[in-house]
Amino acid sequence: MSSEASSVHVAVLGLGYVGCVSAACLAQLGYRVIGVDRDESKVSNVLAGIAPFFEPGLEPLVRDNVAAGRLTAGTSVDAANDADIALVCVGTPSEKNGNLGLDQLRRVVHDLASTLDRRAKPLVIAIRSTVFPGTCEDVVMPLVRNNRLVSVVSNPEFLREGVAVNDFMQPSLVVVGGDDPDATRRVADLYTPLGVPPCLVSLRTAEMIKYACNAFHAVKISFANEIGALSARLNVDPGEVMATLCEDAKLNVSAAYLRPGFAFGGSCLPKDLRALTYRANRLDLHLPLLDSALPSNREHLQRAIEAVLDLPARRIGVMGLAFKENTDDLRESPVVTLLEQLIGKGRQVRIYDPHIQLDAIYGSNRNFILQQIPHIGRLLDASIHETLAWCDHVVIAQKLNPELSAHVTRSGLPVTDLVSSSLAYVAAPVPVRA
Ligand SMILES: NC(=O)c1ccc[n+]([C@@H]2O[C@H](COP(=O)([O-])OP(=O)(O)OC[C@H]3O[C@@H](n4cnc5c(N)ncnc54)[C@H](O)[C@@H]3O)[C@@H](O)[C@H]2O)c1
């Protein structure tokens, strides 16, 4: 135990799966911890050195740390008066309509707020419960009335029941988000002994990340099950298919394709998804996740189209025509759909794509332009300078190489970037009502 750890006093509010595991593990790391729960039986269990529920490895941690005097418990948040950090771990169950239930959170923060007048030292309130973006700002901060001794951060928990102690001690991810760098750092420092570099992010990102992670896990499971079900119907070993898929650490089990950006297109993804879902349908196999990929992509493209139609622009210069950079393949390019909508709605458009010059391309792509989309082909410029000199707004529909990007920046024109991960075009932020 480091002397630094033993000098930090942590209050854990809520002794359920997350709270009790956090309290026992932090005590094991050397912090002085008090767990608070309004459920007397949980508190008396902890004080007796007993885990209040079954979780492998928890009971010895509770027993040893209570015996060592590092872990104690109580039913009143007054016990948190001496704490430097309060980890809020109360439940946030679903309401009937699916919305997040914040009653426990409001109550515990309200109780905590009522003790603040008696405080002499700063307190960081770290919300570990899963809450929707905006909750810290809209619910927690007003309850503590922006007390100058109090900072609020978000510190989501990623442990899994059944392996919770192990997950706490060897976390997959440590995230702390907040506007006060000192408070964020103090909470992140709690986890230093675990050896996982913390991700220090904005408050709302920290709140959102837990939902993103859980949604991703749910989508991964459903994906594996749908591919598995289809494989089995096709007399293919589902386990072998997914194990082989996981062998690809470059494109499959990696950060590839996990950046928000523009809609997908091209000669493979739409065609192969259609073939897969068509075949599944013929086998009377309902695969809602795979069925939803193309409609989801169309929705995303539609958001981009609407954003461009809403631009206060008279002459729009579109950068990119192929479905991605470094290709002249126009098959199922979402940019073609975007342009057709813009032209159809009477917008003035010119296009520049470094790999699609009418006098240079040949073969099927040239034929496609001349025969299928001559109305778009006529709008192609031979150089980026022509497009930039003509337009009053640039729409980036394809990742630009550094040279083209520099030309766009130097033009000083307003830019709507459909490709960048900021997705600023999707919508202006809406106020979140938690
Ligand atoms: N269980 C998990 O695997 C898991 C993992 C990660 C995140 N989470 C999130 O963490 C949060 C807690 O989950 P959990 O499973 O530990 O919940 P839980 O229901 O097991 O525990 C919540 C505890 O908070 C206590 N509590 C409620 N109001 C209180 C108050 N005013 N004062 C003191 N104590 C109070 C309850 O008595 C209960 O013991 C939820 O937001 C959940 O979504 C859960």
Equivalent ellipsoid semi-axes - Cα gyration tensor, the range 48-101, angstrom: 27, 18, 9
Alpha-carbon spread of the range 188-324, three principal axes, descending order, Å: 57, 49, 24
Note, ³J(HN,Hα) from phi for the range 338-343, Karplus 6.51, -1.76, 1.60, rounded to Hz, x at Gly and Pro: 4, 5, 4, 5, 5, 5
Angstrom value of the Kirkwood radius, inverse mean 1/r, which spans all Cα pairs in the range 173-256: 15.6
The range 177-218: C-alpha gyration tensor shape, a/c 1.5 cut-off, then a/b vs b/c: oblate
Residue 347 paired with residue 281, simple spin-label distance in nm, labels 7 Å along Cα-to-beta-carbon: 3.1
Projected label distance in nm at residue 182 and residue 166, using a 7 Å step from Cα toward the beta-carbon: 4.1
Debye equation applied to the C-alpha atoms of the range 259-345, log10 I(q)/I(0) at 0.19, 0.26 Å⁻¹: -0.92, -1.32
Calculated log₁₀ intensity ratio I(q)/I(0) where the Debye formula runs over C-alpha points of the chain, q = 0.06, 0.09, 0.13 Å⁻¹: -0.38, -0.76, -1.11
Solvent-accessible area per residue for the range 173-329 (1.4 angstrom probe, square angstrom): 57
Karplus-derived 3J(HN,Hα), 6.51/-1.76/1.60, for each residue of the range 64-75, Hz, glycine and proline x: 5, 7, 5, 4, 7, x, 8, 10, 9, 8, x, 9
Heavy-atom surface of the range 22-165, accessible at 1.4 Å and reported per residue (Å²): 43
At R0 = 41 Å, FRET efficiency that the Cβ-Cβ distance of residue 44 and residue 303 yields, to 0.05: 0.15
Dipole moment magnitude, nearest 20 debye, the chain about Cα centre, only Lys, Arg, Asp, Glu C-beta charged: 700
Charge context of residue 279, other residues only, Cβ under 15 angstrom, K/R +1, D/E -1: 0
The chain - mean residue ellipticity at 222 nm from DSSP helices (-39,500 (n - 2.57) per run, n ≥ 4, rounded to 500): -12500 deg cm²/dmol
Carbon/sulfur fraction of accessible area - the range 285-434, other protein chains in place, 1.4 Å, %: 51
Options 330, 287, 352, ranked by Cα towards positive dipole end of the range 277-434, top entry (Cβ charges): 287
Amide H within-cut-off set for residue 13, under 5 Å, with H built and near neighbours excluded: 36, 87, 88, 89
Separation of the residue 253 and residue 114 label points, Cα + 7 Å toward Cβ, nm: 5.1
Distance histogram for the range 1-115 (every C-alpha pair counted, 10 angstrom bins, percent rounded to whole numbers): 16, 47, 29, 8, 1
Difference of contour (0.36 nm per residue) and Cα-Cα distance, residue 382 to residue 291: 28.8 nm
Table column - 3J(HN,Hα) (Hz), the range 45-50, Karplus curve with 6.51, -1.76, 1.60, x for Gly and Pro: 4, 4, 4, 8, x, 10
Nonlocal amide H pairs with residue 349, under 5 Å, H built at 1.01 Å: 316
For residue 361, distant residues with modelled amide H under 5 Å away: none
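The values are calculated or read from the model by the stated rules, or taken from the named source; none is laboratory data. Predicted, not measured: the structure shown is a model, and the values here were computed from it. Here the Cβ is made from the backbone with ideal geometry for all residues, glycine too, and neighbour counts use every protein chain on show. Side chains are part of the model used for accessible areas, which takes the heavy atoms of the whole protein and leaves out ligands, DNA and RNA. Shrake-Rupley method; radii C 1.70, N 1.55, O 1.52, S 1.80 Å.
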